[in-house]
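All of the numbers you see were taken from the coordinates with simple rules; none came from a lab. Since we're looking at a predicted model, the values are computed, not measured. Note that we place each Cβ from the backbone using ideal geometry, even for glycine, and neighbour counts take in every protein chain shown.
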Amino acid sequence: MSQKASYTKINSEMWDEWASAGGEWSLAINHQDFVKATEGNFDIYLTPCKPVPHNWFIPFKK
């Protein structure tokens with residue numbers, strides 16, 4: 001197995017474990033949060049404390 005394939009396999013397995021344990025970064029949003037997001041009221045985090053700036057996203061289409 002190549003180094004890249006090994007890394008992606010390990011990464012995939014780790015995310016599966018975190019999701020199975022209910023890890024915060026793998027939880028689905030609820031319907032209310034979905035509706036808010038479609039109205040432009042959302043935050044997306046790539047790190048625990050700082051949301052991605054909204055101007056990084058293209059406008060949502062309804």
Place a point 7 Å from the Cα of Trp56 in the direction of its beta carbon; the residues of region 3-46 whose amide N falls under 18 Å from it are 25-26, 37, 40-46
Run the numbers for Ile44 and Ser20: contour at 0.36 nm per residue of separation, minus the present Cα-Cα distance, in nm.
6.5 nm
Show me, bin by bin at 5 Å from 0, the whole-percent P(r) of region 3-56 based on Cα pairs.
4, 16, 16, 19, 19, 14, 9, 3, 0
With only helices counted (DSSP H, runs n ≥ 4, each -39500 (n - 2.57)), the per-residue ellipticity at 222 nm for the chain, to the nearest 500, works out to -13500 deg cm²/dmol
